[in-house]
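The structure under discussion appears below in the form of structure tokens.
Read-outs throughout are calculated quantities, based only on the coordinates presented, and are distinct from any laboratory measurement. Owing to the predicted nature of the structure, the values given are computational and were not obtained by experimental measurement. Ideal geometry is used to build each Cβ from the backbone, glycine not excepted, and the neighbour counts take in all protein chains shown.
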């Protein structure tokens, strides 16, 4: 019997740049914070309009734009945050494919599924979890 597969390396979700605590840790300027908010909104609109097979491209393009906002010192801090990332989540009436895709991205994995479960997903938890 083969052993377990490789462990996924934590991936930073660039949408976290909009979180005040993360923005403070990276010492984002007010201009950077405004740009992050604008790009997050653009990303949400693009994801809503994208076909399921194009979502990964939309997310990658948005992450690239968000990463470009950071200076060298902020990127160095970001590398530390990515390895110590903790997740909190609160889903209310979300589509299962969006929820599962989000969890997969947090763990640095690709989501492969034939069909998502039926109905909306709602779950709230105030604990923190590692992506793995």
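Numbers at a glance
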item	result
Segment residue 46-residue 111, length gained on full extension (0.36 nm per residue, minus Cα span)	21.5 nm
Cα→Cβ-extended label distance, 7 Å offset, between residue 38 and residue 89, nm	3.1 nm
Which of 125, 101 has the fewest Cβ neighbours within 10 Å, and the rest in rising order	125, 101
Fully extended contour minus Cα-Cα distance, from residue 80 to residue 100, at 0.36 nm per residue	4.7 nm
